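Remarks on the structure that follows.
The values are calculated or read from the model by the stated rules, or taken from the named source; none is laboratory data. Since we're looking at a predicted model, the values are computed, not measured. Methodologically, a virtual Cβ is constructed for each residue, glycine included, from the backbone with ideal geometry; neighbour enumeration extends over all protein chains shown. These area figures cover heavy atoms from the full protein model, side chains too; ligands, DNA and RNA do not enter into them. Shrake-Rupley method; radii C 1.70, N 1.55, O 1.52, S 1.80 Å.
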Amino acid sequence: MIRFLNHIYQQKLTKKIQQQLTDLRRHRSDKQLNKTLKNLQQLHRLLLKRLQRKDKIKVAFFVVHASVWKLDELYRLMEADERFEPIIVIIPYVVFGDEQMRADMDLGYTLFATKGYRVVKTFNEKTNSWLNVKEAIQPDIIFYTNPHELTKPAYYIDHFPDVLSCYVQYSFHITHLHEMQYNQLFHNILWRAFYETDMHLGFAQQYAANRGSNVAVVGYAGTDVFLQSAEHKTDPWKIKNPAVKRIIWAPHHTIDDDKSFLSYSSFLVYADFFLQLADQYADKLQLAFKPHPILRPKLSDPHVWGKKKTDAYYAQWEQGTNTHLFEADYVDLFKTSDALIHDSASFLVEYLYLHKPTLYTLRDERVTDRFNGFGKLAFHVHEHANSEQDIIYFIQHTVLQGNDVKEEERKQFFNRYLIPPYGKSASAHIIDEIKRFVY
């Protein structure tokens, strides 16, 4: 009888919260948000009691872009744990139209199927219909991998108030956009947000309306795979001769000229230059082009490069004898590389786990103004390039001659900020944190 009454109360509370979230979308106020958060706390307690009685906890990972998937270790640990039943759910990225959306979903499905994961696409080509996740999967927990509204509303967090919601940042957060990264409605209504360091908890406490009350500091699950060992599954490089050095070029997608936002990317400045470098150092280097997944659709815009020019450029990287194109998983690429040149955001920190030389290409002299305090610390343990000559110096002096001038600074940064707390991987701590509530 008590369980029945709790179920009725849970249904009523869920409907109430659903309406409150709809109202908050129309007009967000601190007073209304606080009421909603109190109701959510009550609902979360009921949901946790229900999970305590279940043998299996169904965990759905909502994935927009497979190329920025960072939770391999977490998925594998859940798969090996008899208490969890994980599944990857490929949800649509709708920003650049249907053609790009379907290509992204197909790429993601293939990647996860190849890994042997349980995976489902939310779009069914045969029936031209979308998956009802609540009915088809009935998840107990949903891990969101992106906080932004880039998908269909049916897959937004506020469509699942009666499912425990978790979030791991889709990149190591280094930007100055604190409101966007910590204080959207999404961040405040999560059951658990798993953040990287105490500095990131501090950002949540300062900027989130809930003052970071739902945050656990666990390290960054996306880099657990780099901490396990130096081993790798495959060698993705064309040239196997270890004397031919391996450099990754990873340009960001922010080619726009809005410097109040991000505008990190210097791709348009160096696009031709890096292909020239591949020719110039053909006997000494191979270069891998690892663009941000959103760069290609941005370049394909008729007002930028257009699709024909973009496809031809990407094809050059794919077809060259000492060049490569990588648009999906990059773990083995990173592990088997010798150095990184980039203007990325998350890679500013992620590559530091490999203890290898890295060069940051500056789009302008104010780029660091668009970093937060943690990003600035990571930036300072990089070498920096303001010109083609600086890039050539890095290649010749640091990579080819082995004069790694930033090695000690990177090591100190790693030891102070990047070693996960509690003596275990971030993924292991996430699982422990969930189990703490469901046992």
(request) From the list A243, A282, pick out the single residue that is closer than 21 Å to D390 by Cα and part of a loop (DSSP other than H, G, I, E, B). (result) A282
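Condition test on N128, is it open to solvent by 70 Å² or more (accessible area, probe 1.4 Å) and more than 25 Å from E196 (Cβ to Cβ)? Don't jump to the end; show me each part of the working.
Working: open to solvent by 70 Å² or more (accessible area, probe 1.4 Å): yes; more than 25 Å from E196 (Cβ to Cβ): yes.
When the stated conditions are applied, N128 passes them.
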(message) Can you pull out every residue in region 238-285 that is closer than 17 Å to T398 by Cα, crowded, with 17+ Cβ neighbours inside 10 Å and modelled with pLDDT under 95?
(response) none
(message) Here is a check on your reading of the model: is F143 open to solvent by less than 10 Å² (accessible area, probe 1.4 Å) and either at pLDDT 95 or above or part of a loop (DSSP other than H, G, I, E, B) (or both)?
(response) yes
(message) On the basis of being open to solvent by 20 Å² or more (accessible area, probe 1.4 Å), under 24 Å from T254 (Cβ atoms) and not hydroxyl-bearing (S, T, Y), does H176 make the cut?
(response) yes
(request) Among the numbered conditions (1) surrounded by fewer than 17 Cβ atoms within 10 Å (Cβ to Cβ); (2) in contact (Cβ under 8 Å) with a residue 24 or more places away in the chain, tell me where L295 comes up short. (result) (1)
(message) Looking at region 191-212, I want the residues that are of a type in the set (S, T, Y) and have a partner that is open to solvent by 10 Å² or more (accessible area, probe 1.4 Å) and in a helix (DSSP H, G or I) with Cβ atoms under 9 Å, at least 6 apart or on another chain. Which pairs are those?
(response) Y195/L201; Y195/F203; T197/Y417; T197/P421; Y207/H178; Y207/E179; Y207/Q181
(request) Would you be able to say whether some residue in region 17-26 is in a helix (DSSP H, G or I) and within 16 Å of A208 (Cα to Cα)? (result) yes
(message) Pairs please, first residue from region 418-434 and within 9 Å of V218 (Cβ to Cβ), second anywhere and loosely packed, with under 14 Cβ neighbours inside 10 Å and modelled with pLDDT under 95, Cβ atoms under 6 Å, 6+ apart in sequence or on different chains.
(response) H429/Y422
(request) State which residue is surrounded by the fewest Cβ atoms within 10 Å (Cβ to Cβ) when the search covers only region 386-426 and only residues that are over 26 Å from F267 (Cα atoms) and among the aliphatic types (A, V, I, L, M). (result) I419
(message) Tally up the residues in region 358-414 that are part of a helix (DSSP H, G or I) and of a type outside the set (A, V, I, L, M, F, W, C), please.
(response) 19
(message) Here's a check for you: in region 29-55, which residue that is of a type in the set (D, E, K, R) and either in contact with a Phe, Trp or Tyr (Cβ under 6 Å, 6 or more places away or on another chain) or open to solvent by less than 90 Å² (accessible area, probe 1.4 Å) (or both) is farthest from L333 (Cα to Cα)?
(response) R50
(request) Could you tell me which of the residues Q138, Q100, Q181 is outside any loop (DSSP other than H, G, I, E, B) and touching a residue at least 40 places away in the same chain (Cβ under 8 Å)? (result) Q100
